[in-house]
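First up is the structure itself, then whatever we jot down about it.
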Amino acid sequence: MPIRRTAAATVLAATLTLTATACGGGSAAGGGDNSSPGTLTYWASNQGTSLENDRQVLEPELRKFEQQTGIKVKLEVIPWSDLLNRILAAASSGQGPDVLNIGNTWSASLQATGALLPFDAAAFEKIGGRERFLPAALGSAGAAGKDPAAVPLYSMAYGLYWNKKLFAEAGIDRPPATWDELVADGHRLTTGGHYGLALEGGNVSENVHHAFVLAKQHGSDFFDATGRPAFDGPGTVAAVKQYVDLLGTERIAAPGNAEYANNQSVTDFATGKAAMLMWQAAGANLKSHGMNPEDYGVAPVPVPAGATGDRATTSMVAGINLAVFKNTRNTDGALRFVKFMTGTEEQTQLNKTYGSIPPVTDAQADPAFATPELKALAGVLGGSAKPLPQVANESQFETLVGTAVKNLLAAAAAGKPATDDSVKAELTKAQQQMPAG
């Protein structure tokens, strides 16, 4: 699923001073405007197995929209490695699409550029109402206290995937619910070249997502109430050390996991090299490696024993948001398209195809989302998931803290387990690199 955005986040860290200019953009060149919205341009993110696969999925739906409205949609599917660069260039020049996909963790950062249309009460009314959306998903659509910069399109959450056969062979009859149980189970499952848990330690995004969740469980945040970075407090240090120790001190993850950055941890789980995996909507990927749904279970990521409230957070809110380019000359047509894409029928069809969870609550009633995997992940999304910090410098935070965790995992794999001092030093260095404001 499209959460591997390290390079794009790095670009955003260097270019957030961009703001939308006053010149016209969007569909102006395509012949549509508010009085006659004949054409829209849509930038879609790569959700499927390839760009061509996305075109095959989306083009029939776009033709359906044209039949209903008379508005033709020009589709461009953009790979994640290029998407943010393209959005920032559009924000700088004022020449962009009418409607676009963004990673939901970018919402507040892109909101700060001024390039996206705010979804105020009037805009929500035009797309069918704010109340249709899952509150957790809307919470990752822009900074608190401001109108959202986008609306949710596809939603995901992390779950703990566990191999039923390997658990049974180890005499374990259920997945761990607490971290103490996970570590204990991990030791029993780590034997003969097989490991209890697979990590994606070379992937910056994966690292920061887990660090965020563990910080919540330790009663801490990476930003204070004013939005200033607070990376190296006791709670965040403890959270990062706990994660790194799964590979270093506890050794229930293979040392080579520190270099994994291209879904190798999913492959290890699917092939039985690891008995547990913390991942978002892994089912389609596991199936492609020959692992059937009955071979694994999905449970919430563990929490500390007795945890309640924020300390019981088990996932960040993951997913894709749908935004309108503020400079579009076709606002009415763009909002009609957003209403179409977030309608119950399209939400059911598209999320079913991509293996994600509909953020529109009515669509979740479809039997396609009643599989054990998606029911478990929907429960996490609706009950124990929290949005990443919705601050203007959020993407810099992802890059810097995710890289700090990557460095600590690499050191642990090389025989230098994390200490409180080494973790604090890495997080302090990351905090010092954050831009002011």
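Given the criteria modelled with pLDDT under 90 and surrounded by 23 or more Cβ atoms within 10 Å (Cβ to Cβ), does A44 qualify? In short, no. Just one of (1) surrounded by fewer than 22 Cβ atoms within 10 Å (Cβ to Cβ); (2) β-branched (V, I, T); (3) within 25 Å of Q390 (Cβ to Cβ) fails for I102. It is (1). Within the stretch 220-242, not a single residue is under 20 Å from G297 (Cβ atoms), open to solvent by 10 Å² or more (accessible area, probe 1.4 Å), not aromatic (F, W, Y) and not in a helix (DSSP H, G or I).
Of all residues in the stretch 413-421, none are of a type in the set (V, I, T), in contact (Cβ under 8 Å) with a residue 12 or more places away in the chain, farther than 14 Å from D232 by Cβ and open to solvent by 20 Å² or more (accessible area, probe 1.4 Å). Taking the stretch 358-402 as the range and being within 17 Å of the chain's Cα centre (by Cα), open to solvent by 10 Å² or more (accessible area, probe 1.4 Å) and hydroxyl-bearing (S, T, Y) as the test, the residues that pass are S384, T399. A single member of L182, L153 is in contact with a strand residue (DSSP E or B) (Cβ under 9 Å, 6 or more places away or on another chain) and either among the basic types (K, R) or in a strand (DSSP E or B) (or both), and it is L153. Restricted to the stretch 53-71, and to residues there that are of a type in the set (D, E, K, R) and in contact with a strand residue (DSSP E or B) (Cβ under 8 Å, 6 or more places away or on another chain), the residue that is least open to solvent (accessible area, probe 1.4 Å) is D54.
One residue stands out among those in the stretch 105-116 that are of a type in the set (A, V, I, L, M) and surrounded by 24 or more Cβ atoms within 10 Å (Cβ to Cβ): the one that is farthest from T328 (Cα to Cα), which is A108. Checked against the criterion of being closer than 26 Å to E61 by Cα, small (G, A, S), modelled with pLDDT of 95 or more and in contact with a Leu (Cβ under 7 Å, 6 or more places away or on another chain), the candidates A149, A170 yield just one match: A149.
Are any of the residues in the stretch 84-98 under 22 Å from the mean Cα position of the chain (by Cα), open to solvent by 30 Å² or more (accessible area, probe 1.4 Å) and at pLDDT 90 or above? Yes, the conditions are met somewhere in the stretch 84-98.
Checking the structure you have, find out if any residue of the stretch 287-310 is touching a helix residue (DSSP H, G or I) at 6+ places or on another chain (Cβ under 9 Å) and within 30 Å of Y42 (Cβ to Cβ). Checking the stretch 287-310: at least one residue is touching a helix residue (DSSP H, G or I) at 6+ places or on another chain (Cβ under 9 Å) and within 30 Å of Y42 (Cβ to Cβ).
Scanning the stretch 382-401 for residues that are under 16 Å from V204 (Cβ atoms) and at pLDDT 95 or above returns L400, V401.
Look at V324 and say whether it is touching a Lys or Arg at 6+ places or on another chain (Cβ under 8 Å) and of a type in the set (A, V, I, L, M, F, W, C). Answer is no for this residue.
Candidates M291, M316: the one that is crowded, with 20+ Cβ neighbours inside 10 Å and within 21 Å of the chain's Cα centre (by Cα) is M316.
Does at least one position in the stretch 171-184 carry a residue that is of a type in the set (S, T, Y), on the phi < 0 side of the Ramachandran plot and surrounded by fewer than 22 Cβ atoms within 10 Å (Cβ to Cβ)? Yes: the stretch 171-184 contains one or more residues that are of a type in the set (S, T, Y), on the phi < 0 side of the Ramachandran plot and surrounded by fewer than 22 Cβ atoms within 10 Å (Cβ to Cβ). Restricting attention to the stretch 248-279, the residues that are closer than 14 Å to G202 by Cβ, touching a Gly at 6+ places or on another chain (Cβ under 7 Å) and buried (at least 22 other Cβ atoms within 10 Å of the Cβ) total 3.
With respect to the conditions (1) modelled with pLDDT of 95 or more; (2) open to solvent by less than 60 Å² (accessible area, probe 1.4 Å); (3) assigned to a helix (DSSP H, G or I); (4) of a type in the set (G, A, S), G128 lacks only one, and its number is (3). The set of residues in the stretch 71-80 being part of a loop (DSSP other than H, G, I, E, B) and at pLDDT 95 or above consists of I71 alone. Exactly one residue among A253, A261, A211 is out of contact with any strand residue (DSSP E or B) (no Cβ under 9 Å at 6 or more places or on another chain), closer than 30 Å to S288 by Cα, in a loop (DSSP other than H, G, I, E, B) and not acidic (D, E), and that residue is A261. Being without any contact (Cβ under 8 Å) to a residue 60 or more places away in the chain and either polar (S, T, N, Q) or at positive phi (or both) is a property that does not hold for T236.
Does any residue of the stretch 134-142 turn out to be surrounded by 20 or more Cβ atoms within 10 Å (Cβ to Cβ), part of a helix (DSSP H, G or I), out of contact with any Lys or Arg (no Cβ under 8 Å at 6 or more places or on another chain) and at pLDDT below 95? For the stretch 134-142, residues surrounded by 20 or more Cβ atoms within 10 Å (Cβ to Cβ), part of a helix (DSSP H, G or I), out of contact with any Lys or Arg (no Cβ under 8 Å at 6 or more places or on another chain) and at pLDDT below 95: present. For the stretch 108-139, a residue qualifies if it is small (G, A, S) and touching a Ser or Thr at 6+ places or on another chain (Cβ under 6 Å), and the qualifying residues are S109, G114, A137.
The values are calculated or read from the model by the stated rules, or taken from the named source; none is laboratory data. Just so it is clear, the model here is predicted, and its values are computed rather than measured. Please note: Cβ atoms are built from the backbone with ideal geometry, for glycine as well, and neighbour counts cover all protein chains shown. Heads up: the accessible areas ignore ligands, DNA and RNA and are worked out on the full protein's heavy atoms, side chains in. Shrake-Rupley method; radii C 1.70, N 1.55, O 1.52, S 1.80 Å.
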